[in-house]
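Nothing in this text is a laboratory measurement; each read-out follows from the coordinates by a stated rule. Predicted model only: the values in this text are computed from it and were never measured. Because the Cβ atoms are built from the backbone with ideal geometry, glycine has one as well, and the counts that use them run over all protein chains shown.
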Amino acid sequence: MKKQTKYIFKTFALVSVLTYSWSLNAQHLETLISIGLANNPEIQKFDLQYQIASEKVNEVNALPNTEVVVGYFVSPPETRTGPQVVKVSVKQMIPWFGSVTSRSKYAASLADVQYETIAIAKRKLLSTVSQSYYNMWAIKAKQAVFSQQIALLKNYEKWALTAVEVSKASVVDVLKIQIRQNDVEQLNAVLEQEYLAEQSRLNLLLNRSEKQQINITDTLIMPEVADLNTENMVTALHPELLQYDKLYESVEQSELLNQKERAPMVGFGLDYITVNKRNDMPIDNNGKDIIMPMLSLSIPVFNKGFTSKTKQNELKKLELNADKLAKKNALETVLEQAVNARNSAKISFETATKNLEKAKDAERLLLTAYETETVNFNDVLDIQELQLKFQINNIEAVKNYYTQQNIIKYLSQ
């Protein structure tokens, strides 16, 4: 119970960190993440596996089966007090002192490994849901830009038709504007299909109807002041690293159990033999039943298997240390790449913003000439294409920033 409470707190803290930078509608992403953590079938599978592993602790606490043997003498052997008829034997083997406790600790250590698997799965789901959400935001933002472009191109088309009437433009200019408008409408229609596909993907992660509508925030913005020099180390408490610590501990528990199993097992038993009375002569204790307490030892004389198990456990620990170091290096590489990509996204955003302002200035200069001279609609369309490019770059930069920030938080929190 303590372990589950602790993990709920850690999960809530991670969700809060990942959504901290949202100015509005952050609660909506938190809600989606909560739904995913509660409903995702893969999370449920890992949780059930953990419950099974935890229940094995109770399984290994049991003692070996009690042996009960009943025998009937077909040809009863004669004894001084009478013929033996039925023999009942009961025997219970008991592991050496501490063996049952060692088994229990070993099973608990395996459950701890499974618990970290749940933690990893939940972190990955949290990160995947956030990533899908950012993708949907980017698609929606691009659609808004394309819609603005379409409206603007329709105005250009009206201006071009007017300019044709006063011989300031040609019909070819009108056709070029219409072609450009058709291209943008096509891009917008393609984005709509991408949005529906991403929405289905996110809904399936949440284990609900893939057609269920998801409302995406309009206010995902690039932070004015980005912390570009933090989170440069993978946390030692990351589940993907903690899992190796738990595996290492399970190997140690396995060795302790191995040492206990090298000790003998003690058996306690009782033989009870029924004896019939003799009819041929009177004697003392005639027909008295026989009761015989027994003590037995099960000694592992040939213990080569236990020695081999000890060697295997030592090699496993070395392997786990190497695997953990390799995993840590791999995660730190991913973290370093994410930090650099986040910084690059911030730089790209600032550059695209500057270029967008200059493109708008150039557009204003071109449109100013509309009242005084012939309009070069080729230049107007080129400037509009540049503006569209810079706007899309801005959207991609914001999405990439939050995507990389998502990875950074996944690794460092």
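In square nanometres and to one decimal, what's the mean projected area of the convex hull around the Cα atoms of the range 247-314? Please report the intermediate quantities before stating the final value.
Values: hull surface 29.2 nm².
Result: 7.3 nm².
Assuming a ≥ b ≥ c are the square roots of the Cα gyration tensor eigenvalues, decide whether the range 329-412 counts as rounded (a/c under 1.5), prolate (otherwise, with a/b larger than b/c) or oblate. Taking the square roots of the gyration eigenvalues as a ≥ b ≥ c, the range 329-412 is prolate. Using a Gaussian network model of the chain with C-alpha springs under 10 Å, which one of Thr333, Thr353, Thr81 is most mobile by mean-square fluctuation? In the Gaussian network model the winner is Thr81.
On average, how much area does the Cα convex hull of the range 79-133 cover when viewed from any direction, in nm²? Show your work: numbers first, answer last.
Numbers: hull surface 31.7 nm².
Average projection, Cα convex hull of the range 79-133: 7.9 nm².
Of all the options Met265, Met136, Met222, the one that moves most in a Gaussian network model of the chain with Cα springs shorter than 10 angstrom is Met265.
Compute the Cα gyration tensor for the range 256-413, then decide on rounded, prolate or oblate, letting a ≥ b ≥ c be the square roots of its eigenvalues: rounded whenever a/c is under 1.5, prolate when a/b is larger than b/c in the other cases, and oblate in all that remain. The shape class here is prolate.
Which value, in debye to the nearest 20, gives the size of the charge dipole of the chain about its Cα centre, when Lys and Arg are +1 and Asp and Glu are -1 at the Cβ? Display every interim value, and only then the final one.
Values: 47 positive and 47 negative charges, 362 e Å.
Roughly 1740 debye for the chain.
Each of Tyr195, Thr217, Gln178 was placed along the dipole of the range 118-246 (beta-carbon charges, centred on the mean Cα), and the one lying farthest toward the positive end is Tyr195. For Lys158, go through the aspartates and glutamates and keep the ones whose alpha-carbon is under 12 Å away, minus same-chain ones fewer than eight residues off. Cα-Cα hits under 12 Å: Asp173. When you restrict to C-alpha pairs under 8 Å that are six or more residues apart and normalise by the size of the chain, the relative contact order lands at 23 percent. The calculated pair-distance distribution of the chain uses every alpha carbon pair, bins of 20 angstrom beginning at 0, and gives 18, 31, 22, 14, 9, 4, 1, 0 percent. For the range 28-127, the set of chymotrypsin sites (Phe, Trp or Tyr not before Pro) satisfying both a DSSP loop assignment and a count of at most 10 other C-beta atoms within 10 Å is given as Phe97. Of the residues Asn303, Ile139, Leu110, the one whose Cα sits farthest towards the positive end of the charge dipole of the chain is Asn303 (charges of +1 on Lys and Arg Cβ, -1 on Asp and Glu Cβ, taken about the Cα centre). Straight-distance candidates among the lysines for linking to Lys140, with alpha-carbon spacing under 21 Å and chain neighbours fewer than 8 residues away dropped: Lys211, Lys346, Lys389, Lys399. Binning all Cα-Cα separations of the range 281-340 at 5 Å, short to long from zero, yields these whole-percent fractions: 4, 12, 8, 8, 7, 7, 7, 6, 6, 6, 5, 5, 4, 4, 3, 3, 2, 2, 2, 1, 0.
Distance cut-off 21 Å, Cα to Cα: go down the list Lys260/Lys311; Lys56/Lys324; Lys56/Lys327; Lys87/Lys277; Lys124/Lys324 and report the pairs above it. Present the calculation step by step, with values, prior to reporting the outcome.
Details: Lys260/Lys311 16 Å; Lys56/Lys324 27 Å; Lys56/Lys327 29 Å; Lys87/Lys277 16 Å; Lys124/Lys324 19 Å.
Flagged as over cut-off: Lys56/Lys324; Lys56/Lys327.
Stokes-Einstein diffusion of the range 71-228 at 10 °C, 1.306 mPa s viscosity, Kirkwood radius from Cα pairs, rounded to a whole number: 66 µm²/s.
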